[in-house]
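The values are calculated or read from the model by the stated rules, or taken from the named source; none is laboratory data. Just so it is clear, the model here is predicted, and its values are computed rather than measured. Here the Cβ positions follow ideal geometry from the backbone for every residue, glycine too, while neighbour counts run over all protein chains shown. Remember, those area values only see protein heavy atoms, side chains included, never the ligands or the DNA or RNA. Shrake-Rupley method; radii C 1.70, N 1.55, O 1.52, S 1.80 Å.
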Amino acid sequence: MLLALLFILFAGTGVVMATPVPVLSVSDGRHQFLGYLADGGSLVYSYRHSIYEVPVSERFTRDGDRLRFLRVTTPDIRVIEYLRWETEIRSDSGFFVADAPPMELRELVIHISAGAEQRLRSGSWDLSLIERFGDGVVRVMPERIAALLALVRGLSW
């Protein structure tokens, strides 16, 4: 009886650990960061604009295995005008905001630069790209991987 109970416990734990979890993978090909990002979860990519030298926030939401680009927020309207979107630019509490045209992305490719203050944030995790990866290029992708593998790779919740 005890052996059967232990078998059920270990089998149940194995199923849970093999269950895929939704993560955001950030990788430069050598190093990787994994952050939990549920379906419908919000992701913010923030940086200092290289031309206008002002902060910019790009908001995304996870939609399955894609990132849906929602909007851009910045204190300088020129940043949004530079994008040449045909969407309305509105003012909100001292910032300019524009909704992105319909856009779903399989991945973001980000060129990291010193001084650009590039960060990714979602839920309880906040990642400084320059601190984690240094100068270079990272690929940011929503994925689903086994819970055990995600935990072994250092999943941030």
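If the requirement is being within 21 Å of Ala38 (Cα to Cα), surrounded by 15 or more Cβ atoms within 10 Å (Cβ to Cβ) and of a type in the set (S, T, N, Q), which of these qualifies: Ser57, Ser128?
Working: Ser128 fails: surrounded by 15 or more Cβ atoms within 10 Å (Cβ to Cβ).
Checking each option against the conditions leaves just Ser57.
On the basis of being modelled with pLDDT of 95 or more and in contact with a His (Cβ under 9 Å, 6 or more places away or on another chain), does Pro55 make the cut? Talk me through it step by step, then tell me what you get.
Details: modelled with pLDDT of 95 or more: yes; in contact with a His (Cβ under 9 Å, 6 or more places away or on another chain): yes.
So Pro55 fits the description; yes.
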Among the residues of segment 135-149 satisfying the criterion of being over 25 Å from Phe69 (Cα atoms) and touching a residue at least 40 places away in the same chain (Cβ under 8 Å), which is most open to solvent (accessible area, probe 1.4 Å)? Leu148
Selection from segment 90-116 of residues that are surrounded by 15 or more Cβ atoms within 10 Å (Cβ to Cβ), more than 15 Å from the chain's Cα centre (by Cα) and either among the hydrophobic types (A, V, I, L, M, F, W, C) or over 20 Å from Asp63 (Cα atoms) (or both): Phe95, Phe96, Val97, Ala98, Ala100, Ser113, Ala116
